[in-house]
Amino acid sequence: MRTDQDAPWWRSAVVYQIYPRSFADGDGDGVGDLPGIRERLDHLAWLGVDALWLSPIQPSPMADNGYDISDYCAIDPVYGTLGDFDRLVEDAHARGIRVVLDLVANHTSDAHPWFQQARSARDHPRRDWYWWRPPRPGLVAGEPGAEPTNWGSFFSEPAWTYDPATEEYYLHLFSAAQPDLNWENPAVRRAIHRVARWWLDRGVDGFRMDVVNLISKDPALPDGAVRRGEEYGDLGRFVVDGPRVHEYLAEFRREVFGGREDVPLLVGEAPGTSLEEARCYTHPDRGELDMVFHFEHVRVDRGEFKWDLRPFSVPDLRRVLATWQVGLADCWNALYWDNHDQPRVVSRFGDAVRHREASAKTLATVLHLQRGTPFVFQGDEIGMANHPFATIDDFDDIESLNHYRRSVALGVPPEEVLASLRAMSRDNGRTPMQWDAGPAAGFTTGVPWRPVNPDHTEVNVAEQRERPGSVLHHYRDLIRLRHEEPAVVEGAFALLAADHEHLFAFTRESEDATLVVMANLSGEPVALPDDVREAAAGSELLLGDAGDDGALGPWQSRVHRRTRARGGR
Ligand code: ISL
């Protein structure tokens, strides 16, 4: 496996995210599985990725497609067996590909034995593994308003559910089927450490920790301020980057990674986190997380624990990305455009209609050339786009369905809610992977669990594999460039054309070379401003079409390299 002596392996790595339900189906039941992934490993090896991250594969009632785990140390039968998992790890490792698992430890499924025991009696020793509270004094338990706090969950319901058997409420930041674990309890933390060690001993190479910045809550559980027109209080400051989260993560690393030779990757998903907090999570001196997925470029906080799509403009996007590049210069970034929770990058930031391939390629270029570890979500490497969902019956995701129900109940016209779901629903990222132009896009021989995007007849791996210049070949070139050019990994980031309406341009400067990256994030041709032209003067073209060196065509991008003279600039 590729390892640099001084730098951890993940610095020069590209990670590929697999959403197992939708990647490849090996047994024809219409749901993706581990044998299916194994059969497609050659695709990942051809692309050149260094690691794959699997969204949850453990047993789950699938209230949230596996982000509700009922047994941490097993495989859900729909995905296969532990034997299938071991074979997958072995085959991936044989190709130099590491395997990273999702660690969902903010909450379990309500079907997990821990929760079953906790809810069985108030005095059960496991009661305190979750957050239980009595109803508000003087109010009728189970009636709206009697919840212990005024918090709303991520999924448009109250964050508390009443349990009549023991006459208390339990806390869930997501659905009622996902009760939050009480990390205040050291026994809970030890149990999670054991789970993580168990998977590492089985050969996995790291974890993506789900909503890891939500694991510590303000134990006073105060009510949040209710903004005008909102139903729930603003709970963000009581649970996002909570009071003990840094302590828990330092402990996790010590207890789980301590003494291991090949240090695993630890990347944390951190909705709502700030740059300041991210520096605490990722600073090498603190050693909590290697990198975090922040949300600032994709979502905007509208309060009440909800993040809407951030309105898109190039100056705004560039400012956010550059701020994180500079702000984490002594730390490390996780670079991503989308994942299984977000609309597809080409539909969201690019132009899937008029400039599909060019915009998919250019967006990939600016992602991969920033400083940090790029995460490629399955299908982005061929420019997969949002699905043309028609009616509410076409949606499946719990967040989307709950959002629809709540909005319509509050009087928002259904067509309006549908329009917003088409743009932002998590279902967009979950349609089956498009392998070929055949029935069900080569994803399954059966009936796929989610509709295949009708554009698979044109947009698929098989076609792009045969076509140099395709989005797929471009991803491969970008990954190869990272492996061959140290400046891609370590070069310092500096923004160019800082006021331009359409350009995202920057340099990456290392000891030996300066890379100049210029990208036109618009459908209009642009003339290059002076600072970009000067930076690129006398350089060699590494990637992109040469064309007019004073301009970029619609959605065009180029990467140049200037060798630095020894002893000078
Ligand atoms: O990103 C989102 C879009 O609004 C949120 O819906 C998402 O739920 C949030 O980012 C947290 O995501 C993670 O935890 C959830 C799970 O549903 C997501 O799939 C997961 O990535 C609860 O485990």
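Only one residue in ARG21, ARG11 is within 16 Å of the ligand (Cβ to nearest atom), part of a helix (DSSP H, G or I) and in contact (Cβ under 8 Å) with a residue 40 or more places away in the chain. Which one? Even if it seems obvious, please write down each step before you answer.
Numbers: ARG11 fails: within 16 Å of the ligand (Cβ to nearest atom).
Being within 16 Å of the ligand (Cβ to nearest atom), part of a helix (DSSP H, G or I) and in contact (Cβ under 8 Å) with a residue 40 or more places away in the chain holds for just one of ARG21, ARG11, which is ARG21.
Filter the range 425-443 down to the residues that are away from the ligand (no atom under 16 Å from the Cβ) and either part of a loop (DSSP other than H, G, I, E, B) or crowded, with 24+ Cβ neighbours inside 10 Å (or both) and list them by number.
Of everything in the range 425-443, those that are away from the ligand (no atom under 16 Å from the Cβ) and either part of a loop (DSSP other than H, G, I, E, B) or crowded, with 24+ Cβ neighbours inside 10 Å (or both) turn out to be PRO432, MET433, GLN434, TRP435, ASP436, ALA437, GLY438, ALA441, PHE443.
So which residues in the range 43-80 are without any contact (Cβ under 8 Å) to a residue 40 or more places away in the chain and away from the ligand (no atom under 16 Å from the Cβ)?
ALA74, PRO77 - these are the residues of the range 43-80 that are without any contact (Cβ under 8 Å) to a residue 40 or more places away in the chain and away from the ligand (no atom under 16 Å from the Cβ).
All but one of (1) in a helix (DSSP H, G or I); (2) open to solvent by 10 Å² or more (accessible area, probe 1.4 Å) hold for GLY446; which doesn't?
GLY446 satisfies all of (1) in a helix (DSSP H, G or I); (2) open to solvent by 10 Å² or more (accessible area, probe 1.4 Å) except (1).
From the list LYS361, LYS306, exactly one residue is open to solvent by 10 Å² or more (accessible area, probe 1.4 Å), more than 14 Å from the ligand (Cβ to nearest atom) and of a type in the set (Lys, Arg). Which is it?
LYS361
Out of GLY411, GLY379, report the one residue that is touching a residue at least 24 places away in the same chain (Cβ under 8 Å), at positive phi and either more than 16 Å from the ligand (Cβ to nearest atom) or crowded, with 16+ Cβ neighbours inside 10 Å (or both).
GLY379
Residues that are within 16 Å of the ligand (Cβ to nearest atom), at least 3 per element: which strands (runs of 3 or more DSSP E) completely within the range 94-180 meet that?
Values: elements: 98-103, 160-163, 168-171.
Counting at least 3 such residues, we get 98-103.
Which of the strands (runs of 3 or more DSSP E) found entirely inside the range 279-334 contain at least 2 residues meeting this: closer than 16 Å to GLY268 by Cα? It would help to see each step written out before you state the result.
Details: elements: 291-293, 299-301, 307-309.
Per the criteria, 291-293.
Against the conditions (1) farther than 29 Å from VAL326 by Cβ; (2) in contact (Cβ under 8 Å) with a residue 40 or more places away in the chain; (3) open to solvent by 10 Å² or more (accessible area, probe 1.4 Å), where does GLY272 fall short? Just the number, please.
(1)
Please work out which one of (1) part of a helix (DSSP H, G or I); (2) crowded, with 21+ Cβ neighbours inside 10 Å is the condition ALA187 fails and give its number.
(2)
Out of the residues in the range 309-343 meeting the condition of being open to solvent by less than 20 Å² (accessible area, probe 1.4 Å) and in contact with a Leu (Cβ under 7 Å, 6 or more places away or on another chain), tell me which one is nearest to the ligand (Cβ to nearest atom).
Selected residue: TRP337.
Filter the range 244-259 down to residues that are open to solvent by less than 70 Å² (accessible area, probe 1.4 Å), among the charged types (D, E, K, R) and either out of contact with any helix residue (DSSP H, G or I) (no Cβ under 8 Å at 6 or more places or on another chain) or farther than 26 Å from LEU275 by Cα (or both), then give me how many there are.
The total comes to 2.
Return only the number of the condition from (1) assigned to a strand (DSSP E or B); (2) open to solvent by 10 Å² or more (accessible area, probe 1.4 Å); (3) not hydrophobic (A, V, I, L, M, F, W, C) that THR514 does not satisfy.
Single failed check for THR514: (2).
Provide a single number: the residues in the range 224-243 that are farther than 15 Å from TRP307 by Cα, crowded, with 16+ Cβ neighbours inside 10 Å and over 22 Å from the mean Cα position of the chain (by Cα).
2
Which of the numbered conditions does VAL353 fail, given that it passes all the others? Conditions: (1) hydrophobic (A, V, I, L, M, F, W, C); (2) assigned to a loop (DSSP other than H, G, I, E, B); (3) within 14 Å of the ligand (Cβ to nearest atom).
Only one criterion is unmet by VAL353, namely (3).
The values are calculated or read from the model by the stated rules, or taken from the named source; none is laboratory data. Quick caveat, the model's predicted, so the values are computed rather than measured. As a convention, Cβ positions derive from the backbone with ideal geometry for all residues, glycine included, and neighbour counts pool all protein chains shown. These area figures cover heavy atoms from the full protein model, side chains too; ligands, DNA and RNA do not enter into them. Shrake-Rupley method; radii C 1.70, N 1.55, O 1.52, S 1.80 Å.
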